[in-house]
Amino acid sequence: MSHFQYITRPLPFCPADAAARPLYALAQGETDSLPDAIRAFATAAGFAGNEGEFLLVPGGDGGLGAALFGLGNGANPFVFGRLTKLLPAGDWRLAQYAGDATLALTGFAAGSYRFERYVKPAAKVVRLAIPDSVDAAAVERAWAAICLARDLVNTPANDMQPDHLEEVFAGLARHYDASFNAIRGDDLLSAGFPLVHAVGRAGEKAPRLMEMRWGRKGARAITLVGKGVCFDTGGLDLKTAAGMLIMKKDMGGAANVMALALMIMDAGLDVDLRVIIPSVENAVAGNAFRPGDIYRSRKGLTVQIDNTDAEGRLILADALTYADEELPDLLIDMATLTGAARVALGPDIAPFFTTSDAFAETLVAEGERLPDPVWRMPLFAGYEAKLKTGIADLTNAPSGGLAGAITAALFLKQFVGRAKSWAHFDIYAFAQADRDIGPAGGEAQAIRAIFETIRKG
């Protein structure tokens, strides 16, 4: 596995040799299968295999011999993420585990993540061996993708402007021998991306549309589009101070699309991959776009700006039109688009909209299996009337405040018409609190489920 990461860190895995201490991961009622001496110690200590229960077992020499970890009913493989905090430093190996080791190791790896670019790295290092029965490349690939998405979202806007995002994107392209191109600043106007230019022209760094191509021409055409708003003040419709606190995450769609592309390229899937990222800062300045302005999009539809804080759908409109022009087999966009999606499903479930029932069925099944939770939302045509305005084709911010995630998806749908299938993911890309699979902060959402859906065709 030749993985790519934004911030290089050592793998949380080790060789499965004699130096690695045994770890027994047991569901309730499985202690009878332990070696006699360890079973006797576990019984004396009252270890029952409840979820998260942890017990260190001494060795014959008085030192540390093994560790026991409870899985409860065994339904949550990502409980393994807790082990990065529970286990003493050193190398460990799975001596017993009856579940899916690939998922368990992915959970362990995700739980080992720390964003340490601006702090002294933790001294404690815990590593887990990958059994021979497990596809090590698949585990490491998922971990690298998770790290990339989290690193990008966690990096503050002073170090993650459109030019920084381009640097990372171009580096990813070079790593996998993909082609890369970027259109910047006023060149966006002559190239036909007026909405990207309008949203980003007030930013310190020039707005841009970036494009990467990889794979086999003639293969199934997969196009990914990611919202890359590197910081969102709300524009002239200014957010509150509290509302801006985590707006570095507004490029979370771009981060997740790049991480998904990493998985596709690293796995060598037989696809014709195209990745498009419009990147801007939604800033306040004398040349910022205004409420009431009307712009003609790349598609020719005119858009009335009724809220400058509904900027993500504007840059996606031009990008989706551009993506749609090549008639991809599957067009996916990912964006931290609406607060309404978070009200509906919270931060941990990725809502999606799609024109393909087959895609949705496979995606939901993979999301449940991995787990990587997703939930299909309706493209209810009855709400399309909310997009209408008297003096333009569309408004970017329907009045009323209801069904905001649906109307945003319907807005984007106006710019997709030629792709065989389209799916829109309105993700949060941020964890509000520490969890088994990682600390609070930037998050990879839905990309493992999407990858498996694409892989399975």
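The values are calculated or read from the model by the stated rules, or taken from the named source; none is laboratory data. No experiment lies behind these values; they were computed from the predicted model shown. Positions of Cβ are backbone-derived with ideal geometry, glycine not excepted, and every protein chain shown enters the neighbour counts.
Residues in the stretch 376-388 that are of a type in the set (D, E, K, R) and either within 15 Å of ASP306 (Cβ to Cβ) or without any contact (Cβ under 8 Å) to a residue 12 or more places away in the chain (or both): how many?
2
Of all residues in the stretch 94-109, those that are aromatic (Phe, Trp, Tyr) and either surrounded by fewer than 24 Cβ atoms within 10 Å (Cβ to Cβ) or not in a helix (DSSP H, G or I) (or both) total 1. Any residue at all in the stretch 299-322 that is more than 12 Å from ALA408 (Cβ to Cβ) and among the basic types (Lys, Arg)? Yes - at least one qualifying residue is present in the stretch 299-322.
Only one of ARG184, ARG213 is touching a residue at least 60 places away in the same chain (Cβ under 8 Å), of a type in the set (D, E, K, R) and in the same structural domain as LYS420 (by TED's automatic domain parsing); which? Talk me through it step by step, then tell me what you get.
Values: ARG184 fails: touching a residue at least 60 places away in the same chain (Cβ under 8 Å).
Sole residue among the options that is touching a residue at least 60 places away in the same chain (Cβ under 8 Å), of a type in the set (D, E, K, R) and in the same structural domain as LYS420 (by TED's automatic domain parsing): ARG213.
Taken over the stretch 357-402, the residue count meeting the criterion of being surrounded by fewer than 16 Cβ atoms within 10 Å (Cβ to Cβ) and either among the small types (Gly, Ala, Ser) or in contact with a Phe, Trp or Tyr (Cβ under 6 Å, 6 or more places away or on another chain) (or both) is 9.
When ARG201 is tested against (1) in contact (Cβ under 8 Å) with a residue 40 or more places away in the chain; (2) within 21 Å of ALA149 (Cα to Cα); (3) out of contact with any Asp or Glu (no Cβ under 8 Å at 6 or more places or on another chain), exactly one condition is not met: (2).
Inside the stretch 377-392, residues that are under 29 Å from ASP357 (Cβ atoms) and either of a type in the set (Ser, Thr, Tyr) or assigned to a loop (DSSP other than H, G, I, E, B) (or both) make up a count of 6.
Here the stretch 1-25 is the region considered, the condition is being surrounded by 14 or more Cβ atoms within 10 Å (Cβ to Cβ) and out of contact with any helix residue (DSSP H, G or I) (no Cβ under 8 Å at 6 or more places or on another chain), and the residue that is modelled with the lowest pLDDT is ALA16.
Name the single residue that is surrounded by the most Cβ atoms within 10 Å (Cβ to Cβ) among those in the stretch 26-64 being assigned to a strand (DSSP E or B) and in contact with a Phe, Trp or Tyr (Cβ under 9 Å, 6 or more places away or on another chain). It would help to see each step written out before you state the result.
Narrowing the stretch 26-64 to residues assigned to a strand (DSSP E or B): 26, 54-58, 64.
After this cut, where a residue has to be in contact with a Phe, Trp or Tyr (Cβ under 9 Å, 6 or more places away or on another chain) as well, the list is 26, 54-55, 57-58.
Working: LEU26: 25, PHE54: 15, LEU55: 17, VAL57: 20, PRO58: 13.
Checking each candidate, the answer is LEU26.
Among the residues of the stretch 85-93, is there at least one that is part of a helix (DSSP H, G or I), farther than 18 Å from ALA16 by Cβ and out of contact with any helix residue (DSSP H, G or I) (no Cβ under 9 Å at 6 or more places or on another chain)? Within the stretch 85-93, one or more residues are part of a helix (DSSP H, G or I), farther than 18 Å from ALA16 by Cβ and out of contact with any helix residue (DSSP H, G or I) (no Cβ under 9 Å at 6 or more places or on another chain). Filtered by the rule that a residue be out of contact with any strand residue (DSSP E or B) (no Cβ under 6 Å at 6 or more places or on another chain) and closer than 30 Å to GLY192 by Cβ, the stretch 341-358 gives a lone residue, SER356.
A single entry from ASP250, ASP177 fulfils the requirement of being touching a residue at least 40 places away in the same chain (Cβ under 8 Å) and farther than 21 Å from LYS299 by Cα: ASP250. Does the stretch 241-257 contain at least one residue that is more than 22 Å from the chain's Cα centre (by Cα) and either more than 21 Å from ASP333 (Cα to Cα) or modelled with pLDDT of 95 or more (or both)? Looking for residues that are more than 22 Å from the chain's Cα centre (by Cα) and either more than 21 Å from ASP333 (Cα to Cα) or modelled with pLDDT of 95 or more (or both), one finds at least one in the stretch 241-257, hence yes. Scanning the stretch 178-220 for residues that are part of a strand (DSSP E or B) and closer than 18 Å to GLY312 by Cβ gives ARG208, LEU209, MET210. The set of residues in the stretch 421-434 that are within 27 Å of THR354 (Cβ to Cβ) and either free of Cβ contacts under 8 Å to residues at least 60 places away in the same chain or not β-branched (Val, Ile, Thr) (or both) comprises SER421, TRP422, ALA423, HIS424, PHE425, ASP426, TYR428, ALA429, PHE430, ALA431, GLN432.
Close contacts from the stretch 389-408, counting a first residue that is in the same structural domain as ILE315 (by TED's automatic domain parsing) and a second that is basic (Lys, Arg) and outside any helix (DSSP H, G or I), with Cβ to Cβ under 8 Å and a gap of 6+ residues or different chains, come to LEU394/LYS388; THR395/LYS388.
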